[in-house]
1. Across the Cα atoms of the stretch B:2-475, what radius of gyration and what greatest pairwise Cα-Cα distance (Dmax) are found, in Å?
2. Would you please put A:329-342, A:79-92, A:56-69, B:292-305 in order of how densely packed they are, using the mean number of other Cβ atoms within 10 angstrom per residue and starting with the highest?
3. What is the average number of partner chain Cβ atoms found within 10 Å of a Cβ in B:269-277?
4. Would you mind getting the Kirkwood hydrodynamic radius of the protein assembly as shown from its Cα pairs, rounded to one decimal in Å?
5. Going by Cα centres, the stretch B:145-202 and the stretch B:397-427 are how many Å apart?
6. Mind putting a number on the dipole of the stretch B:2-475 about its Cα centre? Charges go on the C-beta only, +1 for Lys and Arg and -1 for Asp and Glu, and I need it in Debye to the nearest 20.
7. Cross-link candidates for B:Lys443: which aspartates and glutamates have Cα within less than 16 Å, leaving aside residues fewer than 8 places away along the same chain?
8. Give me the distance in nm between label points sitting 7 Å out from Cα along the Cα-to-Cβ direction at A:Met607 and A:Asn220, one decimal.
Amino acid sequence: MFSDMENLTLAIVLAPLLGSALAGLMSDTLGRKGAHRVTITGVAVSLFLSLYLFNHLVFAGGATINQSVYTWLVSDGIRFEVGFLVDRLTVLMMVVVTFVSLMVHIYTIGYMADDAHNWPQESLAGRNSYQRFFSYISLFTFSMLMLVMANNFLQLFFGWEAVGLVSYLLIGFWSVRESAIYANLKAFLVNRVGDFGFLLGIAAVLMYFNSLDYVTVFENAHLHKDVMVEVIPGSAWSLMTLICILLFIGAMGKSAQFPLHIWLPDSMEGPTPISALIHAATMVTAGIFMVARVSPLYELSETALSFIMVIGAITALFMGFLGLVQNDIKRVVAYSTLSQLGYMTVALGASAYAAGIFHLMTHAFFKALLFLAAGSVIIAMHHDQDMRNMGGLRKYLPITWITSLIGSLALIGAPGFAGFFSKDLIIEAVGQSQLPGSGFAYAAVLAGVFITALYSFRMYFLVFHGKERMDEHTRHHLHETPWVVTLPLILLAIPSVVIGYLMVDELAFGSFFAGSIEVAKSHDVLAVLGANFYGAFAMILHGLLTAPFWLAAAGVATAYVLYMRATWIPAMLAERFSWLHQLLLNKYHMDSLAAGIFGSGSRWLGMGLWRFGDTMVIDGWMVNGSARSVGWVASVLRHIQSGYLFHYAFTMILGLLGLFLYFIV
Amino acid sequence: MNFIHPQFSLALPEMILLGMISIILIADLFISDKGRVVTYLMTQATLVLAAIATAAVMGADVALSFNGHFIIDPLASLTKLFIYLVSMVAFAYSRSYLIERDMYRGEYFVLGLTAVLGMMVLASAHSLLTLYLGLELLSLSLYAMVGLRRDSSQAAEAAMKYFVLGAMASAMLLYGMSMIYGATGTLNLWEIRDAVAEGSGHSLVLIFGLVFLMVGVAFKLGAAPFHMWVPDVYHGAPTSVTLFLSSAPKLAAFVLMIRLLVDALPALASAWSDMLVIIAVLSIVLGNVIAIAQLNIKRMLAYSGISHIGFLLLGVLSATPEGYAAAFYYAIVYAIMSLGGFAMVLVMSRQGFEADELSDYAGLNERSPIIALMMLFIMFSMAGVPPLLGFWAKLAVIQAIVAVEYYQLAVLAVLFSVVGAFYYLRVIRIIYFDKPTERRELKPANDLKVIFIANAMLVLLLGLFPESLMNLCQSAFIY
């Protein structure tokens, strides 16, 4: 159908960009309907073409596409290009991104329908906010596609920064709310820290490989395996470890890994559709994708892999704890996202990249589902997000209830649901890993299963079951949300159930990622697992006998007891272990630490530099100082021009003598 | 005595000019004040005729005549053509100014033409004798022109200073020439070159001679520390004379320098190059710094001219053909910009109002946006803002010194062009952002206005297409 792959790949990225430009620049002309129509059409075109490419690459056995479409500049023999590398890893990401994006686009029609109420009466920023929102999410889709389809580090960085920018714009979408502004600034600044590492990593690649092209870099990676560099004089580092850790610092920022996770919970200030799209399903997984994409480099550094595994394990377990004490429905889901990102990161550290990407995909579906369901609840509750005011919503919101249950079951890894396959694989892969830190990581991810089940079903029970705690007025208006909201829920619930069962064989153990992801023989934990794999159904049966299943079941049971039966226990525990409760409520004091040390510290430093460096040295001495001294010199020198002829003649003679003197001396 | 008949045809332009000067001098006696335009037109026609004659004798080859005292080479012909052009524009600018001040007399044009004749002789000179002849013819005419307004004490003072200091400089130049003659035994430039190259002649005498020559040249150019006359003369002379004085004679002085240093004394290049470094640095620094303190635009332009001469010298001191071409280019560019700069004063002035204070330009944009815009072009060009003409000239000389690895000098030149930008931008600020002190409509004479706009547009156009003029300058230095 498409002979020219270059045009096809271009069309995939440009369709959302066009939609975004039209909706954003012609918001008055298009109106609300026109804006969501053009953007949804753009994203739908991308999804359709991505599915075509998926079929072409996966089922029709088409060759990997790797081509540069535009040379931005050539400097010192290094080409800076825009180009697309579409292999099975990329095409999987493309389908996930465009599918979730399309769902979110449709959902947004319902969620943002009365956005005008969110703005003060005469706010100029509130004008055409509906169209602007659609423009942003389409722009995000474009940026994310640029990121995943890049064939070089430069374009990866472009996509990386572009999604960061859109994330910033969308977190602070309600720009008249102080908390939204605080949150988007926080997200921006924390990501700066990560991006700084990322940029240094790319610079190191450029410096040693003289190329930013993936294929070139990966082919030459083994040449630099044993190179040592001295960043700090006296201590030599392996170049690969340095590059990998620097790149991973970027991933820590984007994928919200400890200790750069602090921005993600605050990002919930943004409208719920983007929480689902950006801060759950796609953008935050960019770091996971990046590490998988650069796997040929990571395989050369066990130190970096260990580092990744430990960071991931910390995030997976400790962020789960925080989910237990939250009362804001979106924040529970946000901490759940952090924890699940930790799982993916652990998988990367164990060299089970395929398992990590597999979990990324299943997570994208069920977490987008959970977020959109939470959004549906929020719409029904008239934008009240506090779970203490909910309860018993099951009978008012039947579709939301069912789909939420499916999402929660997928999240805790109930056998047969999507999350079961991917999460079980990660846990077993970590169990097989021989790297330093894998013992800790294994314990953390196992414990995490219990915690996940506990907070997920705490939320589920508090929202959909038990006493109806909302006020009379709200209860009176409770009803199921419109079809544009429930349709995406249903469409996302389907893959949340079946995608694991269908894909586990091919994705985790087959040769799906051959050529995209490289795993060193000694690290290949999935191959070990694959030897004992007898099909998806056998895996479900086997899963019933393993620890994760019983831990999850225990978690659900505990949640049932604590929040349905003996509801006095949580309060009692909170009182008895108040120090722990406080620690969790304060999020391990990470926020105050960051704000105190980095926030105040850099403000203090900036203030000092401004006072001393800018005002005094540059403005005072250099700019005004030089101007003043030139002016002063000029005012003095002009008096030499006395007007007396003999002075002039004397000057000439002096000049003559001066020239003589120069030659005689 | 063996007398070789000289090839008179090579000197046809000079002979035409001399003949016409005589005719105009006589004819003007019979022309009434009302018919003075005839004198003016005859003057312009003379320059056109001279240009045609110069183009006719111009050739790619070098030709000598008058027993080796006279030369026609590309440099001489090109310089003469530009001198005619600049002088014609200068006379055209002057006309309405002269009429308003009751100076519209034949003497002005006759003196102007003799100055042009002096410059022509200078351009074609090939011996110390003809160089001095041309220089004196030029200088004496200019002294008289500066003092043309006998009843103005300011002009008389300026003329007196110019004359006394000029005489001193001429004396020194002549003294230097005598030393060179003493050391080499010849007046002919190429023979001097060969004699110095052979090593005959006392080197210390040569160096002494060179220093005196340098003083004379630097004075004519108006380079520091021999620049003291420049601000006073530019300020005191009638603006139309200043305009003439600051443009065409700089071209002639440039040729004087090339003839003396490059044609006659290339063997002493290392010595004169060092001297020029000192003079250039002093000129750039003093010119740019003192200009900042000036409130009178004519004085400001005088100091600006001193700094431009410093830049021009950068090209010469590199002692490479590329450098000489860059300096030649700079001299032409400066002549064009200087015409425009002083024409600003002419455009603004009217009977009884000289418009030479900076405050007179306040809010000009509100009175005449088109003239304000043209002034903006000229000021930006003098400051060296791309893509205007002045930028390319500065770029060319700086490239020339970078090519011979005078990096510190290049940095200094760039830094001081930043300092210089200050006072040019101040003029623009005054024109565009200050409140006008008077609201009277600006009504310059039509010819003045048209030429001024053409002048400023030339600065823009030659800046946008710098190739042709640059190539022309380079063709003068292909030996």
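Throughout, read-outs are computed from the coordinates displayed, never taken from laboratory work. As the structure is a prediction and not an experimental result, all values here were calculated from the model. Neighbour counts run over all protein chains shown; Cβ positions are idealised from the backbone, glycine included.
1. Here Rg and the maximum Cα pair distance are 21.5, 74 Å.
2. Working: A:329-342: 27.0, A:79-92: 21.9, A:56-69: 14.0, B:292-305: 23.8.
The peptides rank, most packed first, as A:329-342, B:292-305, A:79-92, A:56-69.
3. Values: counts 0, 0, 2, 0, 0, 3, 4, 0, 0.
That average works out to 1.
4. Values: mean 1/r = 0.0277 Å⁻¹.
Mean inverse Cα-Cα distance, inverted, gives 36.0 Å.
5. With the stretch B:145-202 and the stretch B:397-427 each reduced to a Cα centre, they are spaced 30 Å.
6. Values: 25 positive and 29 negative charges, 211 e Å.
Taking the Cα centre of the stretch B:2-475 as origin, the dipole is about 1020 debye.
7. The qualifying aspartates and glutamates are B:Glu100, B:Glu354, B:Asp360, B:Glu366.
8. Roughly 4.8 nm, to one decimal.
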